[in-house]
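The values are calculated or read from the model by the stated rules, or taken from the named source; none is laboratory data. All of these numbers come straight from a predicted model, not from anything done at the bench. Cβ sites come from the backbone with ideal geometry, for glycine too, and all protein chains shown count toward neighbours. Accessible surface areas use protein heavy atoms only, side chains included; no ligands, DNA or RNA. Shrake-Rupley method; radii C 1.70, N 1.55, O 1.52, S 1.80 Å.
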Amino acid sequence: GGWALKASTPYMAYYPLQGKFYLDKAHIPVSYEGQTQSSNASTEHLGRFDYMAASATTPSEGIVNFQFKHLGALVRLKIAMEETSTLKQITLQTDDNDFTLKGYVDLTATTPTVNPTSTSNTFTILLDDITVEANSDLVVYFLMPPVNLTDKTLSVVVEKDNGYTQSITLTGKNFEAGKPYELTGTMESEEEEGM
């Protein structure tokens, strides 16, 4: 009736649990779609997108110690807003399909990484009707798979609750797994069509 770890068996782990205990260990699904921030500068939505994996290790004296590694990059986007706005979403955009939206992790790999199955030239973070006052900062946190955008133009498009959009252009970075990054810019006031 006892249960113990087998000394000759390699064990591996991942986070967060994907709904089933018996997934194919070489094909653990991940998705970075649907990230929704509920208030300005909130980080409470990040946990379910903070994919981590520990490569295969064998037990020692009946104990296995997993060395988890973050598979995505944590990004803080800080935009100075010159006018009061209620916002619906932020979209990052490049000229190529640089962004991995969905993929899988192979836990049997020496170094588990996100293998893309769906890519796009846009990466969207939904905002739950976040209102930002004039001359204050919109702060958005999100997780994304590693992507090298060094020397690439990165457009940041802000969609407001009235359907209007504004955009700014930033210089991309090499977003590496397990590291935090900050992108900053200013969204200047502009005349909106139809007003």
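What number comes out for the charge environment of residue 39, summing +1 per Lys or Arg and -1 per Asp or Glu over other residues with Cβ under 10 Å away?
-3
What does the charge count around residue 110 come to, taking other residues whose C-beta lies under 15 Å from its C-beta (Lys +1, Arg +1, Asp -1, Glu -1)?
Local charge sum for residue 110: +1.
Work from the charge dipole of segment 25-181 (Cβ charges, +1 for Lys and Arg, -1 for Asp and Glu, about the Cα centre) and give the residue of 171, 147, 126 farthest towards its positive end.
Towards the positive end, the residue furthest out is 147.
At a 1.4 Å probe radius, which order do 85, 8, 189 fall into by accessible area, largest first?
8, 189, 85
Given charges of +1 on the Cβ of Lys and Arg and -1 on the Cβ of Asp and Glu, with all other atoms neutral, how large is the dipole of segment 1-106 about its Cα centre, in debye to the nearest 20?
Charge dipole, segment 1-106, about its Cα centre: 440 debye, nearest 20.
Can you work out the FRET efficiency for the pair residue 184 and residue 96, with r the C-beta to C-beta distance and R0 = 30 Å, to the nearest 0.05?
Efficiency for this residue pair is about 0.80.
Simple spin-label model, 7 Å along Cα-to-Cβ: residue 17 to residue 60 in nm?
For the pair residue 17/residue 60, the computed spacing is 2.8 nm.
Please go through the residue pairs 69/179; 78/179; 78/160; 69/152 and name each one whose alpha carbons sit more than 20 Å apart in this structure.
Among 69/179; 78/179; 78/160; 69/152, the Cα-Cα distance tops 20 Å for 69/152.
Rank these residues by their accessible area, most exposed first, probe 1.4 Å: 70, 45.
Ranking 70, 45 by accessible area, largest first, yields 70, 45.
Could you check what % of the DSSP bridge pairs in the chain are antiparallel, to the nearest 5?
85
Leaving ligands, DNA and RNA out of it, work out the accessible area of residue 84 with a 1.4 Å probe and give it in Å² to the nearest 10.
Surface open to solvent at residue 84 totals about 80 Å².
What's the carbon and sulfur percent of the chain's accessible surface, probe 1.4 angstrom, rounded to a whole number?
Carbon and sulfur: 45 percent of the exposed surface of the chain.
May I ask you to give the solvent-accessible area per residue for the chain, in square angstrom, as obtained with a 1.4 angstrom probe?
Per-residue value: 56 Å².
When only C-alpha pairs under 8 Å and at least 6 residues apart count, what is the relative contact order of segment 1-91, in percent?
It rounds to 35 percent for segment 1-91.
Segment 6-70: which trypsin sites (Lys or Arg not before Pro) are DSSP loop and have at most 10 other beta-carbon atoms within 10 angstrom?
6, 20
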